[in-house]
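**Q** Below you'll find the structure I mean.
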Amino acid sequence: MSQSVTVIGLGPMGQAMAAAYLDHGYEVTVWNRTPSRADALVARGATLAATPEEALRTNTLVILSLIDYESMYTAFEGAEQAVAGRVLVNLSSDVPQKARAAARWVAELGGTHLTGGVLSPPPGIGSPDVSTFYSGPREAYDKHRADLEVITGRTDYRGEDPGLAALMYQLNMVIFWPAMLAYWQAVALAGAHGITASQIAPYAADNYAGMRQFIDFYAPRIDAGNHTGDVDRLSMGVASMEHVVHTNADAGVNIAFPQAVLDTFRRGAEAGHGADSFSSLVELLRKPA
Ligand code: NDP
């Protein structure tokens, strides 16, 4: 364990990370573009570095929690020499190619880059119950694993490719954002009928919990290329999504999202999959539109 760490970027995530390190007795140095966001942490004993260069030079282990990877280059402009010898753990989210480019950039400067993909909102930071993807040099990961577990719970090391943790994170976001949008859609529809978000919350939560059995059922069949329409047929899905679109339209709420789902279902049926399982949509999605 390092017992001494720098945290760069103090949005809600970076603040929670710095606070968790303080809770565990680490000496914590922080830097943020807007310095006032460090006030509460400084009051608790953190040190605010005057510049990104000072923040880098203070510790070997440097946690980055910025809005994206581009912000790292902006923040470190003029401080590049201080990257040498540092282990930068980049917990900012971005696309895999940018993580790979950042790893090359850091290596050229004589530092080490670990990519992280955090699957928790700020309140989960510091909890052992959350899980975080990591990828990059195994040696650096092994050396700092205990330090990383302080902030991001169970660490899930995916391999040396710096893009892998970013990819695993993005796979989760591909599911998360539309899944939440589906709930917002249901809330809008319920609201048009005087039903509140809280009233439908238990049903929504049961619905999402029930997704597990669908995923467990369909995953091995998809991997085997089996889209047999024995338990469901895409044509049934098209009819059901038409009901969803019409129910929303009749209530006067926005139908853009369910309409996009219906359009995809229809394209699958038009491609000849009407009698197949709706998992056959995967074959449609494997190709560009
Ligand atoms: P915020 O957008 O609140 O914070 C972003 C940080 O980036 C701030 O410190 C901000 O500085 C800094 N920043 C933005 N642009 C620049 C720039 N050009 N130069 C220097 N610094 C810059 O994000 P969060 O704390 O919520 O999230 C941080 C990362 O964690 C993001 O990549 C996010 O996707 C990821 N994440 C967030 C989760 C969440 O629930 N919040 C969950 C999982 C991952 P300033 O204070 O000056 O604006």
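The values are calculated or read from the model by the stated rules, or taken from the named source; none is laboratory data. Worth saying up front: this structure is predicted, and the values here are computed from it rather than measured. No Cβ is skipped: glycine too gets one built from the backbone with ideal geometry, and neighbour counts run over all protein chains shown. SASA here: full protein model, heavy atoms, side chains in, ligands and nucleic acids out. Shrake-Rupley method; radii C 1.70, N 1.55, O 1.52, S 1.80 Å.
**Q** Which of the following residues is open to solvent by 80 Å² or more (accessible area, probe 1.4 Å) and either modelled with pLDDT of 95 or more or in a helix (DSSP H, G or I) (or both): Ile175, Ile195? Break it down into steps so the answer makes sense when it comes.
**A** On the way: Ile195 fails: open to solvent by 80 Å² or more (accessible area, probe 1.4 Å).
Among Ile175, Ile195, only Ile175 is open to solvent by 80 Å² or more (accessible area, probe 1.4 Å) and either modelled with pLDDT of 95 or more or in a helix (DSSP H, G or I) (or both).
**Q** Moving to a separate point now. When the residues of the range 98-111 are filtered to those that are without any contact (Cβ under 8 Å) to a residue 60 or more places away in the chain and closer than 19 Å to Gln170 by Cβ, which remaining residue is most open to solvent (accessible area, probe 1.4 Å)?
**A** By that ranking, first place goes to Ala101.
**Q** For residues that are within 15 Å of the ligand (Cβ to nearest atom) and either β-branched (Val, Ile, Thr) or within 16 Å of Val7 (Cα to Cα) (or both), tally how many sit in the range 74-90.
**A** 7
**Q** Taking the condition of being open to solvent by 10 Å² or more (accessible area, probe 1.4 Å) and in contact (Cβ under 8 Å) with a residue 12 or more places away in the chain, how many residues in the range 74-87 meet it?
**A** Within the range 74-87, residues that are open to solvent by 10 Å² or more (accessible area, probe 1.4 Å) and in contact (Cβ under 8 Å) with a residue 12 or more places away in the chain number 8.
**Q** Residue check: is Pro12 within 11 Å of the ligand (Cβ to nearest atom), open to solvent by 60 Å² or more (accessible area, probe 1.4 Å) and touching a residue at least 40 places away in the same chain (Cβ under 8 Å)? If you could, list the steps in order and put the result at the bottom.
**A** On the way: within 11 Å of the ligand (Cβ to nearest atom): yes; open to solvent by 60 Å² or more (accessible area, probe 1.4 Å): yes; touching a residue at least 40 places away in the same chain (Cβ under 8 Å): yes.
Yes; evaluated as a whole, the condition is true for this residue.
**Q** Within the range 15-49, take every residue that is of a type in the set (Phe, Trp, Tyr) and within 18 Å of Pro128 (Cβ to Cβ) and give me the one that is farthest from the ligand (Cβ to nearest atom).
**A** Tyr26
**Q** Ala55 - would you say it is in a helix (DSSP H, G or I), within 16 Å of the ligand (Cβ to nearest atom) and buried (at least 24 other Cβ atoms within 10 Å of the Cβ)?
**A** Yes, satisfied.
This table checks each residue for (1) within 12 Å of the ligand (Cβ to nearest atom); (2) in contact with a Lys or Arg (Cβ under 9 Å, 6 or more places away or on another chain); (3) open to solvent by less than 30 Å² (accessible area, probe 1.4 Å); (4) not β-branched (Val, Ile, Thr).
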residue: Ser92; (1), (2), (3), (4): yes, no, yes, yes
residue: Pro96; (1), (2), (3), (4): no, no, yes, yes
residue: His113; (1), (2), (3), (4): no, yes, yes, yes
residue: Gly136; (1), (2), (3), (4): no, no, yes, yes
residue: Glu139; (1), (2), (3), (4): no, no, no, yes
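**Q** From the list Gly229, Gly225, exactly one residue is assigned to a loop (DSSP other than H, G, I, E, B), surrounded by fewer than 11 Cβ atoms within 10 Å (Cβ to Cβ) and modelled with pLDDT of 95 or more. Which is it?
**A** Gly225
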